[in-house]
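Undergrad: Submitted below is the structure of interest, expressed as C-alpha cells.
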Amino acid sequence: MVLDNITLPAGAYTTMEVNFNFLISELTPKRKFTYHVVLKDSSTDSIIGGETYVIHKQPRPSFDAMAGNNETIDKNQSVTLYADPINENAVYNWYDPDGNLIFTGLDPTVSPMITTTYKLEVITETDGFKDYDIVTVNVNPYQIESMIPNPASSEVTISYDVTGATSAYIMLVNQTTSNSDNYILDINETSVTIDVSTYPAGLYSVVLVVNGEIQSSKNLSVNH
C-alpha cells in the first residue's frame, strides 16, 4: 500500500495512525507478523524515515459474520436488517454497494429504491480480526398501491405502479370458488376502475401480474 503526494512544509510534522486487521477467513497457525512503514522522498526515492511493527498474534477461535436472510420489499418501503452477534465484543459496520459506511450496529433500517446488496463487516475489539457477509434487499418495482373503497359494493378503483413494464393486468380471484377475471391495464396510467356490482359478495384476491409474473396481491371485500 502506498500513500502518495503528501506535502509538508519544512520543519513541519504530522502523525499517522496505523492499524492492522486480520481476516478470520484466512486464519492460520502463524503467530508473528512483521510490517515496515517506510517514508520516502518522492523526488529522489530515498528513504528518510520509517517504523517497523512486530505483531504477536494469540490463538483465537473462529467466528462468522452473519448478515441474515435476503429480504424482499415493495418500493417506498423500509426493512430492518439484523446481524447475528458473535460471542465477543465487536463492531458491526454496514456498507452500501459503493463502499460507504451507512450504519454501525446490529440492526440498520434501509429504504432502497432498487434491489441493493449490503455488506456487513464484523471487527472484534480484542484483536481486530474481521469477517464479512452480504445481504440483498430485493425491491419489487411493481405494486398495487391502494384500493378504494374496500369493502366495495359497486365499483373499486385500484391504483398501481407498473412504471417500465411492457404489459400488466389485474386478476380478480374469488377466494371461495377460485373463479377469476382478468383486466388489462394501461401501462401509461396509474389506476383502473372495476365494476364489481355483479360479483357475489365475499373475499377476493386482487393480483397484479406484470410482464407475465405475479408481482403484488391484496385482499378486496365485496359487499352488497
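Undergrad: Sorted by average packing, counted as other Cβ atoms within 10 angstrom per residue and highest first, what order do 185-193, 46-54, 2-10 take?
TA: The most tightly packed comes first, giving 185-193, 46-54, 2-10.
Undergrad: Quick check on the exposure proxy: order TYR132, TYR118 from fewest to most C-beta atoms within 10 angstrom.
TA: Least crowded to most crowded, the residues run TYR132, TYR118.
Undergrad: Next question, about the same structure. Quick one: GLU213, GLU155, fewest Cβ neighbours within 10 Å first, how do they rank?
TA: In order of increasing Cβ crowding within 10 Å: GLU213, GLU155.
Undergrad: Another question, if that's okay. If the viscosity is 1.306 mPa s and the temperature 10 °C, what translational diffusion coefficient in µm²/s does Stokes-Einstein give for the stretch 71-140 when Rh comes from Kirkwood over Cα pairs?
TA: 126 µm²/s
Undergrad: Order of 14-25, 168-179, 138-149 by packing, highest average Cβ count within 10 Å first?
TA: 138-149, 168-179, 14-25
Undergrad: Here's another thing I want to ask about it. State the antiparallel share, in %, of DSSP beta bridges confined to the chain, rounding to the nearest 5.
TA: 90 percent
Undergrad: Going by amide H atoms built from the backbone, whose H comes under 5 Å of the H on GLN143, apart from near neighbours?
TA: Here ASP161 satisfy the definition.
Undergrad: Here's another thing I want to ask about it. Just to be sure I understand, if you calculate Cα extents along the principal axes in Å for this structure, which of (1) 45, 42, 34; (2) 89, 42, 26; (3) 66, 43, 32 do you get?
TA: Recomputing Cα extents along the principal axes in Å here picks out (2).
Undergrad: Pairs of lysine in the chain with Cα under 24 Å and at least 8 positions apart or on different chains: total?
TA: Qualifying lysine pairs in the chain: 8.
Every number here is computed from the coordinates shown, using simple stated rules; none is lab data. Not measured: the values here are computed from a predicted model. Because the Cβ atoms are built from the backbone with ideal geometry, glycine has one as well, and the counts that use them run over all protein chains shown.
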